[in-house]
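Beneath this line is the structure, given in structure tokens, with notes to follow.
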Amino acid sequence: MREKLARFMQGRYGVDDLSKALMYLGIVVIIISMFTRWSVMTLIGWVLLIAVYVRMFSKNHSKCYAQNQKYLQYVNKVKGFFRRQKSHMTQRKTYRIYACPSCKQKIRIPKGKGKIEISCPKCRAKFVKRS
């Protein structure tokens with residue numbers, strides 16, 4: 001039986017990160033639809049699960065790979081945003097973070113230095129702020 005399955009899956013795309021995300025989303029939508037009794041939600045959940053199987057059994061590797069890469073780029077942007085927010089929150093104890101008025105470059109200044117003139121390292125613009 002295992003050999004038959006391996007032979008069947010030969011040349012097929014298989015499971016990737018986008019497929020896993022669609023599967024989890026489909027299951028969550030179906031569970032939510034069970035409590036809300038919205039038939040549209042159930043339909044959406046099943047469509048998502050069917051899309052997972054279509055991707056898994058697809059022989060068009062290049063298209064599935066491109067879709068997965070686009071999904072991963074989006075996920076990395078979202079993760080990067082939250083990583084930066086966490087970094088800013090930990091640095092707020094000892095630093096003030098200002099944006100340059102001309103180029104919007106973020107500049108980190110130590111707290112407790114009083115009123116200082118800040119020079120942007122990117123565009124060399126000067127502005128005065130309290131630290």
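Here, each number is a calculation from the coordinates, and none is a lab measurement. Remember, predicted model here, so these are calculated numbers, not experimental data. Cβ sites come from the backbone with ideal geometry, for glycine too, and all protein chains shown count toward neighbours.
In what sequence, highest mean first, do 42-54, 109-121, 59-71 appear when ranked by Cβ atoms within 10 angstrom?
Numbers: 42-54: 15.4, 109-121: 11.0, 59-71: 13.1.
In decreasing order of mean packing, 42-54, 109-121, 59-71 become 42-54, 59-71, 109-121.
Listed by chain and number, the lysines whose alpha-carbon sits under 26 Å from that of Lys59, ignoring those within fewer than 8 places in the same chain, are Lys4, Lys20, Lys70.
Quick check for me: using +1 on Lys/Arg Cβ and -1 on Asp/Glu Cβ, what's the dipole size of the chain about its Cα centre, in debye to the nearest 20? Don't skip to the end; give the middle numbers.
On the way: 29 positive and 4 negative charges, 239 e Å.
Using only the charged Cβ atoms, the result is roughly 1140 debye.
Cα centroid separation, the stretch 87-120 to the stretch 1-54: 47 Å.
Relative to the dominant Cα principal axis of the chain, helix 17-36 is inclined by about 80°. Hey, if you drop one equal point scatterer on each alpha-carbon of the stretch 2-91 and run the Debye formula without solvent, what base-10 log of I(q)/I(0) do you get at q = 0.17, 0.19, 0.20 Å⁻¹? Log-scaled intensity ratios, in q order: -0.85, -0.92, -0.95.
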